[in-house]
Structures are given as C-alpha cells and as structure tokens.
Amino acid sequence: MTDDGTSPQPAARRFRVATIAGTTIDVRISFVVLAGVFVLLELDRQVPLKLALLWIPVLFVSVLIHELAHAGTIAAFGFGTSRIELGGWGGETFNRRRAAPWQEMLISLAGPASSLALAYLVIWILPSLQQAKTNTLLLAFMAMMAFANQKWGLLNLVPILPLDGGQIVLHGLRHVVRPALAFTFATWLSLVLSAVLGAAAAFLYQQWILAFIALSLVMQNWAQWKEFKKWIAGREAAHAGEGDPSG
Ligand SMILES: [Zn+2]
C-alpha cells in the first residue's frame, strides 16, 4: 500500500528497525500481532514449531521488499525519502508529494510487481535448490516466500482502495475525469467489490481471514466516503457563504 498522508499510529506503538538511504523502516505492534496469528494458525494445523516460526521472517522480508519497491519508485521520481511502516494488514509507505496521476499509478504498481517478481524468481530457483539438497529449513522458507509473495502480489492488485489496485484505478481515472468523480467511482467500486469478496469468502469458501480483511476494507471505504461527503458539504457551504460579490 502507499499513502501520502501521515501515520495514524502514535510513535510509541512502533519501533525503528532500519534506515535505508534516508527512508526509515518502523515496525508497528500490529505487525507483531499479525505474524503471531500466522504462527498460531500453522501450529493449529499441526505444523512443527520450527516451520511455523518461519512465517515471521517470511512476512517481514516479503512486506519490506514490497514497500521498498514503492519507496524506491517514489525516490526515482525525485520525491525524496519515505517512511515505511510494517503493520496493519501488511505495510504502508508514507511520503508527501504532488505527483502526476501516471506517476502515482507506477508508484502503486511497483509494490505488487516486486512481490510477483520475487515469487516467480523463487519458483524459478527452487528446483535447483531442491536438487542441491539444500537445508530443509531454507527450502521451506523459500517455498513459503513463493506462496506469500504470489498471494500478496495478487491481493494487492485487486481494485479496492486503499490496496495498490484501487490506487491504480483511482489515479488512472484522474486522467479522464475530474478528481472528485474519480474518487467517487473508485470508492464505490471498492465498496461493492469488498462486500462481494467478503460475502464470497465467508459464505462460499469459509475463508475467515479473507472475510475479515474484506469487512475491514468495506468499513474503511465507507468511512472515507462519509469524510468525502462532509468535505464536499463544507466546500459548498463555504462557497454559499462567499455570497454574491455585487451584493
Ligand atoms: Zn503496496
């Protein structure tokens, strides 16, 4: 995900793990919780502890590479350093900028493209590692990296805000219609798709994690939509307040 605003999280709930070329990398408590849930779900499926714990480096490396791809593209366009936070449902890259819609589209695309490229790179080298009888833990790590990055890359391409796919739709629309209409269309597309995705995940596939993610996306988009309507109403009231300049 990318975002040009500031983090909603208070500084006390995140800790810095690294700074790369001026871009800071923080981990939020929610990331630790998410990794913990993955480990617990694996243990519940009778996966040995050693393998279940591999989810911690898999999630960390996968999300970090995805966010670094966003930050790297932002820097390549000359918008300076970013602040990466690992947390929530994955990660976010914060950077204040005024980019053209096509630049925003490429910044958003860079994340899922890097996840999918990493997944297929691992899938490509995995057979040679298996033949070379590499350490089984490393093999398991690589297989999980391929799985996680493929899923993460594809999930992020779904055109639901604030996922990268939703951002690509939003900024793509800014090329053809005015910003308010682009936002309205992208938000309603997100609301409908996340509701359908959530219902399908829950009632057809009993995929509870996906259903929960979809529900949180519905709530986020609904909150965004209400904010947007409030902002529009405020703007209209301000215009009305200006009155007739001749009066
Ligand atoms: Zn992303």
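Remarks
- Pair list, Cβ < 8 Å and 6+ apart or interchain, from region 83-110 residues that are closer than 20 Å to residue 153 by Cα and of a type in the set (Asp, Glu) to residues that are within 12 Å of the ligand (Cβ to nearest atom) and assigned to a helix (DSSP H, G or I): 92/67; 104/167
- Which listed residue, of 217, 170, 197, 191, is in a helix (DSSP H, G or I), aliphatic (A, V, I, L, M) and under 24 Å from residue 100 (Cα atoms): 170
- Residue count, region 46-82 (criterion: farther than 20 Å from residue 23 by Cα and either without any contact (Cβ under 8 Å) to a residue 12 or more places away in the chain or surrounded by fewer than 18 Cβ atoms within 10 Å (Cβ to Cβ) (or both)): 9
- Restricted to helices (runs of 4 or more DSSP H) entirely inside region 46-156, those with at least 1 residues that are hydrophobic (A, V, I, L, M, F, W, C), out of contact with any Leu (no Cβ under 8 Å at 6 or more places or on another chain) and within 15 Å of the ligand (Cβ to nearest atom) are 55-76, 101-131.
- Residue within region 135-154 that is more than 30 Å from residue 50 (Cα to Cα), surrounded by 11 or more Cβ atoms within 10 Å (Cβ to Cβ) and touching a Gly at 6+ places or on another chain (Cβ under 8 Å) present: no
- Failed item in (1) out of contact with any Gly (no Cβ under 6 Å at 6 or more places or on another chain); (2) under 30 Å from residue 221 (Cβ atoms), with residue 116 passing the rest: (1)
- Residues that are surrounded by fewer than 22 Cβ atoms within 10 Å (Cβ to Cβ), without any contact (Cβ under 8 Å) to a residue 40 or more places away in the chain and in contact with a helix residue (DSSP H, G or I) (Cβ under 7 Å, 6 or more places away or on another chain), drawn from region 170-206: 173, 182, 185, 189, 191, 195, 197, 198, 201, 202
- Apart from one condition, residue 160 fits all of (1) within 28 Å of residue 102 (Cβ to Cβ); (2) part of a helix (DSSP H, G or I); the exception is (2).
- Top-ranked residue of region 217-241 - restricted to ones that are surrounded by fewer than 14 Cβ atoms within 10 Å (Cβ to Cβ) and either under 23 Å from the mean Cα position of the chain (by Cα) or touching a residue at least 60 places away in the same chain (Cβ under 8 Å) (or both), ranked as nearest to residue 155 (Cα to Cα): 219
Okay, residues lined up against (1) assigned to a strand (DSSP E or B); (2) modelled with pLDDT under 90; (3) among the aromatic types (Phe, Trp, Tyr); (4) surrounded by 11 or more Cβ atoms within 10 Å (Cβ to Cβ):
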residue	(1), (2), (3), (4)
6	no, yes, no, no
9	no, yes, no, yes
26	yes, no, no, yes
32	no, no, no, yes
36	no, no, no, yes
40	no, no, no, yes
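- Every condition in (1) out of contact with any Asp or Glu (no Cβ under 9 Å at 6 or more places or on another chain); (2) surrounded by 14 or more Cβ atoms within 10 Å (Cβ to Cβ) is met by residue 111 except one, and the failing one is (1).
The values are calculated or read from the model by the stated rules, or taken from the named source; none is laboratory data. Quick caveat: nothing in here was measured; it's all calculated off a predicted structure. For neighbour counting, all protein chains shown are included, and Cβ atoms are generated from backbone atoms with ideal geometry for every residue, glycine included.
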